[in-house]
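Asker: Here it is: the structure, laid out below.
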Amino acid sequence: MPTPHQGVLPARPLSVLRQLVLLHLKTGEPIGSDLIHKTRAVPFSPATIRHVLADLEARGYLHQPHTSAGRLPTDLGYRAFVNGEMLKIDPLGSLEKRAFETAVQNQADQAGFLSGGAGLLSRKLGLPCFTWRIFQRASRIEHVYMQRLGLDRLRIHTITQAGEHINVDIKWEESDLGNAMFKNLQTALKLQLEGKFLHEANQHLAHPPNPHHFDLLFRRIQRMVGEIDRATRGPSAFDYYGLAHLSDISELQEPEPQSQMIRMFDKVSPLKSLLDRSERMEGPSRVWIGSEMEGLDLTHLSVILGYVGGNTPFGGIGVFGPRRMPYTLVLQWLEYARHLAKSFVEA
């Protein structure tokens, strides 16, 4: 879980730290006291700023790559900056709001909202984004149908009343999936699922009214419903947007950050573990910075997760990239996505 900074920084060092981070995000270079003073963003003398920077370095918020250079924020410094920014997220400007509304206004469903929003964010931020769905297990199943994929494989398409599409592929060990069995499976599956909650169907199949009538068809239906149930637990597969931006980010061209970035796209992505950890956190946006993701091999990266959909999120938009990320701007976009998604759900 993201580590809070060591106590709450007093106003003076926090203001100096904030200005240093903002300048570093803009330039990508170590920042010294003279540059901070020239911005006139903090009302302190260069000597006072030097003293504050030295104290922040001693406390682990900054580090100095070379004795003659300025200072850079550590993960702890970024965390203190982000925590301060999250206390009050200023709204997006009217042009940005209209751009977001245009990107999602013609989308027919929640998946389209996420796709349109993530595509826009990636273009505006110059960073790769991703989306995930959270299945609404409180929604009844409206329609089920099956599709044959081969002699021993089929795909089950399930649509809920919330408009969610759940696709599950099943490979049978048995070789006899002839037309008669296929039709019987489809009829029985519709009978067991349509108009019901998934947990109701599971309970019914676990305690059949006639336990002695436990034939091959019934066992197959049990297995199919079980596979659908497993597919709705946890986040859906991730969809990615703007991956071409990776080649434009200088911090990600080194071997270690590149290797960590590639791992994001593994079949068993560390993003799944990150979402599991994020469930224990509060707030619609969750920010993970470098060493806070120790154990997931993402220590050179930052990931920001934005849940959308009101009190019961239907999914989320994530942004990832180097630790030198425009955190404030990302949080502004994700906050507006959350606001607009709530209206989208209620409409």
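Asker: Taking a cut-off of 22 Å between Cα atoms, list the lysines near Lys97, but don't count ones fewer than 8 places away on the same chain.
Answerer: Hits, sequence-local ones excluded: Lys88, Lys124, Lys342.
Asker: Then there is this: Once you have the Cα-Cα distance between Ile89 and Glu254, take 0.36 nm times their residue separation minus that, and quote the gain in nm to one decimal. Please report the intermediate quantities before stating the final value.
Answerer: Working: separation 165, 0.36 × 165 = 59.40 nm, distance 3.25 nm.
So the chain would gain 56.1 nm between Ile89 and Glu254.
Asker: Another question about this same structure. By the scheme Lys and Arg +1, Asp and Glu -1, what is the net charge of all other residues having a beta-carbon under 13 Å from that of Tyr241?
Answerer: On the way: positive: Arg123, Lys124; negative: Asp239.
After counting each charged neighbour, the total is +1.
Asker: State, as an integer percentage, the relative contact order of segment 92-179 based on alpha-carbon contacts under 8 Å between residues 6 or more apart. Don't jump to the answer; show the numbers that get you there.
Answerer: Details: 100 pairs, mean separation 15.8, N = 88.
Value for segment 92-179: 18 percent.
Asker: Determine, for Phe314, Phe197, the number of other Cβ atoms within 10 Å of each Cβ, and report the residues in order from fewest to most. Display every interim value, and only then the final one.
Answerer: Values: Phe314 24, Phe197 15.
By the 10 Å Cβ count, ascending: Phe197, Phe314.
Asker: So, counting K/R as plus one and D/E as minus one, what does the shell of residues with Cβ under 15 Å around Gly119 add up to? Provide the component values of the computation, followed by the final result.
Answerer: Working: positive: Arg123, Lys124; negative: Glu96, Glu101, Asp239.
Once positives and negatives cancel, what remains is -1.
Asker: Taking only Cα atoms, what is the 0 to 90° angle, nearest 10, from helix 94-104's long axis to the longest principal axis of the chain?
Answerer: For helix 94-104, the angle is close to 20 degrees.
Asker: How much length, in nm to one decimal, is gained on full extension between Asn106 and Ala11, taken as 0.36 nm per residue of separation minus their Cα-Cα distance?
Answerer: On the way: separation 95, 0.36 × 95 = 34.20 nm, distance 4.55 nm.
This chain segment gains 29.7 nm when fully extended.
Asker: Go through segment 139-153 residue by residue and turn each phi into a ³J(HN,Hα) via Karplus (6.51, -1.76, 1.60, θ = phi - 60°); whole Hz please, and just put x for glycine and proline.
Answerer: Values per residue, Gly and Pro as x: 9, 6, 7, 8, 8, 9, 8, 10, 10, 6, 10, x, 5, 10, 9 Hz.
Asker: A further question follows. So what is the calculated 222 nm ellipticity per residue for the chain, using -39500 (n - 2.57) for each DSSP H run with n of 4 or more, over all residues, to the nearest 500 deg cm²/dmol? Please report the intermediate quantities before stating the final value.
Answerer: Numbers: 12 runs with 153 residues, N = 347.
The helix-only estimate for the chain comes to -14000 deg cm²/dmol at 222 nm.
Asker: Enumerate the amide H contacts of Gly315 below 5 Å, restricted to partners 5 or more residues apart or on another chain; note that Pro and chain-start residues carry no placed amide H.
Answerer: Hits under the 5 Å cutoff: Ile134, Val308.
Asker: In Å and on Cα atoms, what radius of gyration and Dmax does segment 141-231 show?
Answerer: 12.6, 37
Asker: Using a cut-off of 13 Å between beta-carbons, work out the net charge of the residues near His300 (Lys and Arg +1, Asp and Glu -1, His300 not included).
Answerer: On the way: positive: Arg263, Arg323, Arg324; negative: Asp75, Glu251, Glu254, Glu256, Glu292, Glu294, Asp297.
It works out to a net charge of -4.
Asker: Moving on. Which residues' amide hydrogens lie under 5 Å from the amide hydrogen of Arg71, considering only partners 5 or more residues apart or on another chain, with H built in the peptide plane?
Answerer: HN-HN under 5 Å from Arg71: Ile31, Gly32.
Asker: Continuing with the same structure: Can you tell me which of Ser68, Ser122, Ser250 moves the most in a GNM of the chain? Springs connect C-alpha atoms under 10 Å apart.
Answerer: Highest fluctuation among the options: Ser68.
Asker: Also, I was wondering about something else. Remind me, relative contact order of the chain in percent, using alpha carbon pairs under 8 angstrom and six or more residues apart? Walk me through the numbers on the way to the answer.
Answerer: Numbers: 504 pairs, mean separation 66.2, N = 347.
Here the relative contact order equals 19 percent.
Asker: Further, regarding this structure: Can you work out the PRE-style zone for Leu191? Point 7 Å along Cα to Cβ, and I want the residues of segment 215-235 with backbone N under 16 Å.
Answerer: Of the residues in segment 215-235, 215-225 have backbone N under 16 Å from the label point off Leu191.
Asker: Once both axes come from the Cα atoms, what is the angle between helix 75-86 and the longest principal axis of the chain, in degrees from 0 to 90, rounded to 10?
Answerer: 80
Asker: Of Ala111, Val144, Val82, whose Cα points farthest to the positive end of the dipole of segment 43-157 (charges on the beta-carbon: +1 Lys, Arg; -1 Asp, Glu; origin at the Cα centre)?
Answerer: Val144
Asker: Now for a separate question. To make sure I understand the rule: partners must be lysines, Cα under 26 Å from the Cα of Lys183, and not fewer than 8 residues away in the same chain. Which ones qualify?
Answerer: By straight Cα distance, Lys183 reaches Lys171, Lys196.
Just so you know, all these numbers are worked out from the coordinates, no wet-lab data involved. The model shown is predicted, which means the values in this text are computed figures rather than measured ones. Every residue, glycine as well, gets a Cβ built from its backbone with ideal geometry; the counts of neighbours run over all protein chains shown.
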